[in-house]
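The values are calculated or read from the model by the stated rules, or taken from the named source; none is laboratory data. Worth saying up front: this structure is predicted, and the values here are computed from it rather than measured. Cβ sites come from the backbone with ideal geometry, for glycine too, and all protein chains shown count toward neighbours. Each accessible area value is taken on the protein alone, full model and side chains, heavy atoms only, with ligands, DNA and RNA left out. Shrake-Rupley method; radii C 1.70, N 1.55, O 1.52, S 1.80 Å.
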Amino acid sequence: MANHGVASVLAVAALLLVAVSTFPAGVHSIGVCNGVLGNNLPSPADVVKLYRSKGITAMRIYAPERKVLRALSGTGIGLLMDVPNENITAFASSPSAAAAWVKANVQPYPGVSFRYIAVGNEIMDVDAQKNILPAMKNLDAALAAAGRGGIKVSTSLRFDVFTNTYPPSSGVFADDEFMDPIAEYLESTGAPLLANVYPYFAYVGDTTNIHLDYATFQPGTTVTDDGNGLKYTSLFDAMVDSIYAALEDSGRPGVKVVVSETGWPSSGSFAATAQNARTYNQNLINHVGGGTPKRPGLLETYMFAMFNENLKTGDETERHFGLFNPDKSPVYTLSF
Ligand SMILES: *[C@@H]1O[C@H](CO)[C@@H](O)[C@H](O)[C@H]1NC(C)=O
C-alpha cells in the first residue's frame, strides 16, 4: 500500500509538472499595467476585482495610489510600483525623503504583495539619469530599515538605452557611464533590470526590414543570430535578448530582465488594429512562460495597459493600448 501510495503521489506530481509547464507557467509570469490617465475609469476597487476575475496575477502602478493599495491588500496580486520621476531628485539627495516615502506608501500596507519598486520610468534626460542610482540606494536603505528589504528596487528603462540591438547578441548599453553602475548595483542587490519593450514601435519604424508576423509572434519569419547561432521567431525575443547581451557586455550576466511594459495599440495609426493587438497580446501571454532563446524559462512581463486612457497625450495610438474599455468590456477577447 505504502509503495502504491508513493507511486500515486509521483504520478500526480508528474501530471502537475506537465500541467505547470504547458499552461500556468505563462499565467504566473503575466502582469498588467494599471495606468490612470483617464476621466472615465472604474474605481480602484472595481479595477482590482476585474484583475481577479480575469486571473491577472500582477499589476504595475505608476505612483503610490492609496485606494489601489488598499484594494490590493490581501489579494496576493504581485505589485510593481513606481516612484514618480518628479520625486527622484529629492530621493537622491535625501535619505530621509526616501524613508518618509516608504513610511507613507509601503509600511501601511503589510497585506500588499510588493515585488519591485521602480525608481522612475523611462528617464532619458542625462542630468536626471544621474539621480537614479543614488535614489535607488537611499530607497533600498529605507526599505531595509523598515523591514521590507525583500522588495527589490530597480528603474524602468526605455528600450533606447540599448543600442546595436540587431542581431541580438550585439546589444550594448548606449551610455556605459549611465548604465554600467546601475547594472553593477542590480547584480549586488539581486534586483532585476526593468525594461519597456515594444515590438510595435520597432515594427512601424522599419516595415521594410521587419515583418508583421515576426513582430506579432506568428510563424513566418525566422532570424538566426550569426553571433551565437540562436534562432529567433519573434522580435520580442530578439529585443529582450539584446538586453541580456548588453548586460553580458557590461560584465553582469546574472542580472535578470523583467519586461515592465509591452503592448500593441488597437487603433489610431498604421498596424494599430484590434486584430493585430489581439494577436500580439494573446501570443505574448502564451509565450512568456517559456522565456527567450538566450534565457529559457519564465520571463516576467507586464502588459501595457489595462484600460484605454482618454487623457493620455501624444500620438492617437497612446490612447488605445488598453485591453479593456473604461466600462470594463474587453477591447478584444484575450485569455490570461
Ligand atoms: C513628489 O512629487 C510631487 C510633485 O512634485 C510632490 O507634490 C510630492 O510632495 C513629492 N513627494 C515626495 C515624497 O517627495
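Among residues of the stretch 303-318 that are over 23 Å from Ala58 (Cα atoms), those with a Cβ under 9 angstrom from a residue that is of a type in the set (Ser, Thr, Tyr) and crowded, with 20+ Cβ neighbours inside 10 Å, sequence gap 6+ or separate chain, pair up as Thr317/Tyr200; Thr317/Ser266. Apart from one condition, Ile117 fits all of (1) open to solvent by 10 Å² or more (accessible area, probe 1.4 Å); (2) within 16 Å of the ligand (Cβ to nearest atom); the exception is (1). Of the residues in the stretch 261-274, at least one is open to solvent by 10 Å² or more (accessible area, probe 1.4 Å) and without any contact (Cβ under 8 Å) to a residue 40 or more places away in the chain.
Checking each residue of the stretch 42-62 against the condition of being out of contact with any His (no Cβ under 8 Å at 6 or more places or on another chain), open to solvent by 30 Å² or more (accessible area, probe 1.4 Å) and within 16 Å of the ligand (Cβ to nearest atom) gives at least one match. Being of a type in the set (Gly, Ala, Ser), out of contact with any Gly (no Cβ under 9 Å at 6 or more places or on another chain) and open to solvent by less than 10 Å² (accessible area, probe 1.4 Å) is the filter here, so list the residues in the stretch 182-206 that pass it. Scanning the stretch 182-206 gives Ala191, Ala195. In this structure, does Leu15 turn out to be in a helix (DSSP H, G or I), modelled with pLDDT under 95 and under 24 Å from Pro296 (Cβ atoms)? Here the answer is yes, as Leu15 does meet what is asked.
Can we say Ser169 is closer than 26 Å to Leu235 by Cα, open to solvent by less than 20 Å² (accessible area, probe 1.4 Å) and away from the ligand (no atom under 16 Å from the Cβ)? Answer is no for this residue. Selection of first residues in the stretch 185-200 that are touching a residue at least 60 places away in the same chain (Cβ under 8 Å) and over 11 Å from Val259 (Cβ atoms) and of second residues that are part of a loop (DSSP other than H, G, I, E, B) and of a type in the set (D, E, K, R), restricted to Cβ pairs under 9 Å at least 6 apart or on distinct chains, gives the following pairs, ordered by first then second residue: Leu186/Arg252; Leu186/Lys256; Glu187/Arg252; Ala191/Lys256. Could you please let me know if Thr313 is open to solvent by 20 Å² or more (accessible area, probe 1.4 Å), among the polar types (S, T, N, Q) and in contact with a helix residue (DSSP H, G or I) (Cβ under 8 Å, 6 or more places away or on another chain)? No, not satisfied. Can you tell me which of Ala100, Ala104, Ala144, Ala92 is at pLDDT 95 or above and away from the ligand (no atom under 13 Å from the Cβ)? Exactly one of Ala100, Ala104, Ala144, Ala92 is at pLDDT 95 or above and away from the ligand (no atom under 13 Å from the Cβ), namely Ala144.
If you go through the stretch 132-185 and pick out every residue that is of a type in the set (Asp, Glu) and closer than 15 Å to Val119 by Cβ, you end up with 1.
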